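Here's the structure we're looking at; comments come further down.
The values are calculated or read from the model by the stated rules, or taken from the named source; none is laboratory data. What you see is a predicted model, and the numbers here were worked out from it, not measured in a lab. Because the Cβ atoms are built from the backbone with ideal geometry, glycine has one as well, and the counts that use them run over all protein chains shown. Each accessible area value is taken on the protein alone, full model and side chains, heavy atoms only, with ligands, DNA and RNA left out. Shrake-Rupley method; radii C 1.70, N 1.55, O 1.52, S 1.80 Å.
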Amino acid sequence: MKSKKTLVAILCCVAGITAYAQGLANLKITEVVVENTDGLVDEYGTHTAWIEIGNTSWSSTNVSGCFLTCDPGVLDPNLSAPQRIARMSQIPRGDERTNLSPKGHLVFFADGRTNLGTLHTNFTLTPGQEIFVALYEANGTVLIDSVRVPATLPANNSWSRFDQQKWLACTPDKVTPNSANDNTVAKADKIAEFKEKDPHGFAMTILGMGIVLSGLLILSILFTLFGNIMHRVNCKKDNAQPKPSTQPAKKADAATEIAVASLALHQALADDDAVKAVIAMALYEYEHDAHDEESGIITIIPQASPWPQRSLAMNNHFSK
Amino acid sequence: MDTWSFLTTKFSDFLTFTGFACAEWGNIVMILVGAFFIYLAIKKDFEPLLLIPIGFGIILGNIPFKAVGLEIGLYEDNSVLNFFYSGVRNGWYPPLIFLGIGALTDFTALLANPKLLLVGGAAQFGIFGAYMIALLMGFEPNQAAGIAIIGGADGPTAIFLSSKLAPNLMGAIAVCAYSYMALVPLIQPPLMRLLTTKKERTIHMKPQRQVSQTERIIFPIVGLLLTAFLVPSGLPLLGMLFFGNLLKESTKTTRLAKTAGSALNDAIVMLLGLTVGCSTQASEFLTWNTIMIFILGALSFVIASSSGVLFVKFMNLFLSKDKKLNPLIGNAGVSAVPMAARISNQIGLEYDRKNFLLMHAMGPNVAGVIGSALAAGVLLGFLN
C-alpha cells in the first residue's frame, strides 16, 4: 500500500515537472525593437527598446522567475548557474501580468531601470550592432529561447517571429507590441520569395505535382496491397465454407417452393454481386436481342379484398 | 403648402434612392449575365443546381442602391447578406460541401483499381500549368495560384483557395470555375478525340474486382491520415471529404450521411451559390482581370483534361495487353464529378456500343477530387 502511494506521488511529481517544463517551452521571444523613438511608450511615457515574450500554447504560462539577457556570454557551457544568473535580469515574481494568458503576449522594456517596475530589465539594447536576446528558465541553466537581431534593423522597426521559427523585419505600421504578429508580413514575404526565386513557376509546378503524385502513388500502392490481402482472405473464407450437398433435394410442395424462391430473391437483392449479375444479364439480353417476346396482353388478377365481396353481395342482393 | 412641399421633397428623395436612379451600365450588364446563367441552367440544363443560385446571386448583388448605411449590401457589416457571405469569406462553406461530397461519393471504382489514383493526380497538371501561364501574364504568385485552381474543376476548392490567397478575385474565379464545369461536355470531347486514336478509344478494360466493405471503411481513414500528414494545409477539405465518406461507408451512420449528402449539402450549395453570385458586383467583376481569368480558366481545363488523357496513354506503355486502360477515362481526372465520367462513357459508346466506361472513369474522377484538394493544400501551404 505504501509503495503504491509512493509510486503515485512520484508519477504526480514527474507529471507536474513535465507539465511545467512543457509550459515554459511554449514561451517564445516573439518581437524585439532595438531603437524605439516613435513607437510604444512605457508606463512613464518613455520611448525605449523592448522585448516581447509570447505564450504559444492554449493554456496560461507564468514567466515570472525566468531570466532575460542580452549578454551572449551566457551561452558559455562552462558557466555555473550563479555565474550565468549574475549576467541576467530576473522577471520578478508576484505580478499577475507575468502570468501569460493562452496565446498571450507581454512586453518588457530594456531600459536598465528595474526600479521602474516588473516589466523593466536591468540591461539596455544598443542600436547599430547585432543584438543577442535570450530567455532562460528560473534555474538559470535551461535556455528557453534566443534570437539575434541584425545590426541593420532600422529605427522603430521590429524583428518579429513568424511560423515559430522564421524572423522578419517589420515596418513601424506592422509593429504589434503586446499582441500577435501581423501574419500578412509573413505572407507577403512568402509571395515575394516565390516571385523573386521562381518567376516562371517551374519550382512550384515540380514541387506541387511531385507532392500530389507521390501522395496518390503511396495511397495507390497501399490499397493495391490491401486489396490483394483482402482478396486472399476472401478466397480462404470461400474455401473454408462447406460445399453445397450434391444429393437431390426432396420434392417440396408448390407453396414451399414459392417461399424458398421469394427468400432467395430477397437475399439476392441484398447482395451486390447478385444485383450486378442481374444487371449484366439484362444488358447481355438487350445487346443480343435475347429478351422475351411478350404477348402484349395485360392480365389483371383481382386481389382478394372485402370491397368486391360486398359489391358482389349487393349485386346478388339486388338481382334477387 | 408646407405639407405639399414636404411631400414633393420626400418623393424626390425617394426617387434618388431607387435602383433606377442609382443604376450604372455595369449593373445592367451584370444583371443580364445573371439572367443568361439562369437561362443556361433552365433551358440548356447546364449545372442548374449551381448556376441558378449563382445567376440569381449575380442579379441580387447588382441591384443598385444608395449606400447610406441601410446595412443591406453584401460588403456592409451587419447586413444579412454579409452574414451569409461569412461562410465564403472565412472559408467554411467549401469544407461543408466536401462533407456532402464525401457522403455521396462511392470510392469503390477507385479501390477496385487503385492505379487510377495516378490519373487523378496527373490531371492536376492543369492547375500548375495554368499557374505558370498566369505568372507569365503578370499575376502575382498568390493570384496566379487562386486562378490556377480553376483547373481542378472543383468549385468548392476554387472558392476555398481563392478566398485565402486572392479574395479580391474570388467572385470571378468562382463564377469562372462553375461556368467551365457546366461547359465540360463541350470542352472535353474534342480534346479526347484529338488525343486518342480510334483503336485506343475501343479498348475494353478488364472488369473491376469486387471491393469488400472493410476496404471501403478503411479507405477514408487511411486516406485522411496519409494525405493530411503529407499536406496538412489541405486538412479542412480532405478532413471533411473523408469524414463524409466514413459516415457513408460505416453503414452505422446512414442517417448522418443522408443528411450531410442531402439537406445540409443543399442548404450550403444554395447559400454558397447565392453569395458567390452576389460577390460579382459590377465594379469588382467587369475588369480586365476577369477576362484574363476566363482565358486562364479555359486553358487550365484544356491542360487538365489533356494531361489526364495523355497520362493514361503513358501508363499503357507499361501495362500488359490485358490490363490496358482506355485513354478516354483520362479526362475524368478533373474532379467534375460525375459529369466528366459520363463524358468518358458517352464517347466510349460512340465508338463501341458495348464499351461501358462509366465505372472505370469514376475511379480517376473521384481521385481528381482528392488530387485537387491536395493541390490546393500545396498552394496554400507555400503561399499563405
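Here are the numbers for the structure shown:
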read-out: Test: residue in region B:42-51 that is open to solvent by less than 20 Å² (accessible area, probe 1.4 Å) and assigned to a helix (DSSP H, G or I); value: yes
read-out: Matching entry among A:144, A:131, A:191, A:206 (being within 14 Å of chain B (Cβ to nearest Cβ) and touching a Leu at 6+ places or on another chain (Cβ under 9 Å)); value: A:191
read-out: Given (1) part of a strand (DSSP E or B); (2) within 22 Å of residue A:173 (Cβ to Cβ), index of the condition residue A:127 fails; value: (1)
read-out: Criterion: closer than 17 Å to residue B:381 by Cβ, surrounded by fewer than 15 Cβ atoms within 10 Å (Cβ to Cβ) and of a type outside the set (S, T, N, Q) - qualifying residue of A:221, A:211, A:206; value: A:206
read-out: Any hit, region A:85-106, residues being acidic (Asp, Glu), outside any loop (DSSP other than H, G, I, E, B) and surrounded by 22 or more Cβ atoms within 10 Å (Cβ to Cβ); value: no
read-out: Filtered residue count, region B:85-119, keeping only those that are closer than 26 Å to residue B:273 by Cα and either within 12 Å of chain A (Cβ to nearest Cβ) or among the basic types (Lys, Arg) (or both); value: 2
read-out: Exclusive hit being in contact with a Phe, Trp or Tyr (Cβ under 7 Å, 6 or more places away or on another chain), among the polar types (S, T, N, Q), touching a residue at least 24 places away in the same chain (Cβ under 8 Å) and farther than 19 Å from residue B:369 by Cβ, set B:251, B:196, B:202; value: B:202
read-out: Some residue of region B:140-150 being facing chain A (nearest Cβ under 8 Å), surrounded by fewer than 24 Cβ atoms within 10 Å (Cβ to Cβ) and under 24 Å from residue B:311 (Cα atoms); value: no
read-out: Residue within region B:11-21 that is under 23 Å from residue B:173 (Cα atoms) and at pLDDT 90 or above present; value: no
read-out: Selected residue (criterion: nearest to residue B:382 (Cα to Cα)) from residues of region A:229-239 that are more than 8 Å from chain B (Cβ to nearest Cβ) and either open to solvent by 80 Å² or more (accessible area, probe 1.4 Å) or among the small types (Gly, Ala, Ser) (or both); value: A:229
read-out: Given (1) of a type in the set (S, T, N, Q); (2) part of a helix (DSSP H, G or I); (3) open to solvent by less than 50 Å² (accessible area, probe 1.4 Å), index of the condition residue B:280 fails; value: (2)
read-out: Any hit, region A:154-167, residues being surrounded by fewer than 16 Cβ atoms within 10 Å (Cβ to Cβ), within 12 Å of chain B (Cβ to nearest Cβ) and under 22 Å from residue A:24 (Cβ atoms); value: yes
read-out: Selection from region B:177-234 of residues that are among the hydrophobic types (A, V, I, L, M, F, W, C), within 14 Å of chain A (Cβ to nearest Cβ) and assigned to a helix (DSSP H, G or I); value: B:217, B:218, B:219, B:221, B:222, B:224, B:225, B:226, B:228, B:229, B:230
read-out: Residue satisfying condition, being modelled with pLDDT of 90 or more and at the interface with chain A (Cβ under 10 Å from one of its Cβ atoms), within set B:375, B:361; value: B:375
read-out: Any chance residue B:6 is open to solvent by less than 100 Å² (accessible area, probe 1.4 Å) and out of contact with any Cys (no Cβ under 7 Å at 6 or more places or on another chain); value: no
read-out: Search result, residues across region A:33-60 that are farther than 20 Å from residue A:90 by Cα and under 27 Å from the mean Cα position of the chain (by Cα); value: A:56, A:57, A:58, A:59
read-out: Tabulated pairs, region A:46-61, first without any contact (Cβ under 8 Å) to a residue 24 or more places away in the chain, second of a type in the set (S, T, N, Q) and surrounded by fewer than 16 Cβ atoms within 10 Å (Cβ to Cβ), C-beta under 6 angstrom, 6+ apart or interchain; value: A:47/A:37
read-out: Check on residue B:331, under 22 Å from the mean Cα position of the chain (by Cα) and over 30 Å from residue B:59 (Cβ atoms); value: yes
read-out: Flag if residue A:137 is open to solvent by 60 Å² or more (accessible area, probe 1.4 Å) and at pLDDT 90 or above; value: no
read-out: Hits in region B:305-326 - residues which are part of a loop (DSSP other than H, G, I, E, B) and among the aliphatic types (A, V, I, L, M); value: B:317, B:319, B:325
read-out: Selection within region B:327-356 - assigned to a loop (DSSP other than H, G, I, E, B), under 30 Å from residue A:288 (Cβ atoms) and away from chain A (no Cβ under 14 Å); value: B:338
read-out: Check on residue B:104, among the aliphatic types (A, V, I, L, M) and crowded, with 24+ Cβ neighbours inside 10 Å; value: no
read-out: Residue, nearest to the other protein chains (Cβ to nearest Cβ), within region A:209-228, restricted to residues that are of a type in the set (Val, Ile, Thr) and over 23 Å from the mean Cα position of the chain (by Cα); value: A:224
read-out: Region A:168-188 - residue that is touching a Phe, Trp or Tyr at 6+ places or on another chain (Cβ under 8 Å) and part of a loop (DSSP other than H, G, I, E, B) and, of those, nearest to the other protein chains (Cβ to nearest Cβ); value: A:181
